[in-house]
1. Scanning for something farther than 25 Å from A341 by Cβ and either of a type in the set (S, T, Y) or at pLDDT 95 or above (or both), does region 34-49 turn up at least one residue?
2. Residues R275, R266, R298, R293: which one is within 18 Å of the chain's Cα centre (by Cα) and open to solvent by 30 Å² or more (accessible area, probe 1.4 Å)?
3. Just one of T196, T205, T185 is surrounded by 24 or more Cβ atoms within 10 Å (Cβ to Cβ) and either part of a helix (DSSP H, G or I) or not aromatic (F, W, Y) (or both); which is it?
4. Only one of these is part of a helix (DSSP H, G or I) and polar (S, T, N, Q): T319, T332. Name it.
5. Name every residue in region 208-219 that is under 15 Å from A162 (Cβ atoms) and surrounded by fewer than 17 Cβ atoms within 10 Å (Cβ to Cβ), in order of residue number.
6. Under the condition of being assigned to a helix (DSSP H, G or I) and not basic (K, R), which residue from region 208-222 is nearest to E159 (Cα to Cα)?
7. Is it fair to say L239 is in a helix (DSSP H, G or I) and closer than 30 Å to A45 by Cβ?
8. Just give me the residues in region 53-97 being modelled with pLDDT under 90, in a helix (DSSP H, G or I) and either among the charged types (D, E, K, R) or open to solvent by 50 Å² or more (accessible area, probe 1.4 Å) (or both), in sequence order.
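The values are calculated or read from the model by the stated rules, or taken from the named source; none is laboratory data. Note that this is a predicted model, so its numbers are computed, not measured. FYI the Cβ positions are ideal-geometry reconstructions off the backbone, even for glycines, and counts take in every protein chain you see. Keep in mind that these areas ignore ligands, DNA and RNA; they rest on the heavy atoms of the full protein, side chains included. Shrake-Rupley method; radii C 1.70, N 1.55, O 1.52, S 1.80 Å.
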Amino acid sequence: MERVVQFTGPRQVEVAEYERAPLPPGHLRVRTRYSGISAGTELTAYRGTNPYLTRTWDAEARIFRDDTAGIEYPVAGWGYSEVGVVSEVSAELVGTTGVPVPGDTVWGIWGHRSEGIVPAERMIGHTLPAGLDPLAGVFARVGAIAYNAVLACDLHVGEDVAVFGQGVIGLLTTRLAQLNGARVTAVDALDERLATARAYGAAATLNARTDSVAELLRETTGGRGADAAIEISGTYPALHEALRSVAVGGRVVAAGFYQGEGVGLRLGDEFHHNRVQLVCSQIGGVPPQLSSRWSVERLQQTFLALAAEGHIDVAPLLTHVMAASEAADAYTLLDEQPADALQTVLEF
């Protein structure tokens, strides 16, 4: 039997069992070891706020349609940060160059399930780098999201950048921006996360609840404001403060997954008067100007290489490794006690 974590309704989680499916041609069967929970995107489905629950994404027209829901409960196998061991390869693939073989530890996307059946072409280049802890493999996708935001920011050595939100992806963004030569100011409402941000390379930290962020950023930059800001918390007040914080003509990268209407966002204020550039970063693609050289696949592979080479230490971000049977408790923790958890991982 295959075990699958699924949402049966808002804030309702169960681990269901399904019959194992036969392996179709062109596919690998992967036995899951670890599956990382995204405290952003996944919680929107857990809480019932994800737009796909009320609208349908028309991939051809590139707009949402209001006539029907794109997904409905139960939502099974949500998740995009898996690591496992190849247990079976379809017969016609045996000996094919680049295709992982049984026993290889691989990373990819097949959801919170005890095993995944994955097209072979999606797993080429997905063998975990030598010497890297398998747990680090769950950071491939979230690391790519952070990397994509930094590329979209177009940072240069010596520039000032503010990173709003210091959850897992925000902390990785802070580290990557610092590796790019920027002076990073990390912003969050939790002091515990700001302390971690300093360890990840932030030159300064500001508490969004107690500090006048935009004013202080202008003071520390000679009145100019930050050259750029990356907003990755997915909250509209934080996006508004990011727009307030940058210099005239500065750039703000909106990399969070924003829910509902934009309460707290006033585009007639600093955004308008300072002619701020507002750019979206989303892991469905890379910045258009880099698309001839970069891809989402390259983002993921490069991030794991940086981790394997010791440039990024993901171990401090792993706060909870819980048995898959405890999935309901894991989501409750992330939903109700965000200060107590960073990266939570389900172990199969």
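1. Checked against the condition, which is being farther than 25 Å from A341 by Cβ and either of a type in the set (S, T, Y) or at pLDDT 95 or above (or both), region 34-49 yields no hits at all.
2. Matching residue, one of R275, R266, R298, R293: R298.
3. When all the criteria are applied, what remains is T185.
4. T332
5. The answer is D211, S212, E215, L216, E219.
6. L217
7. yes
8. none
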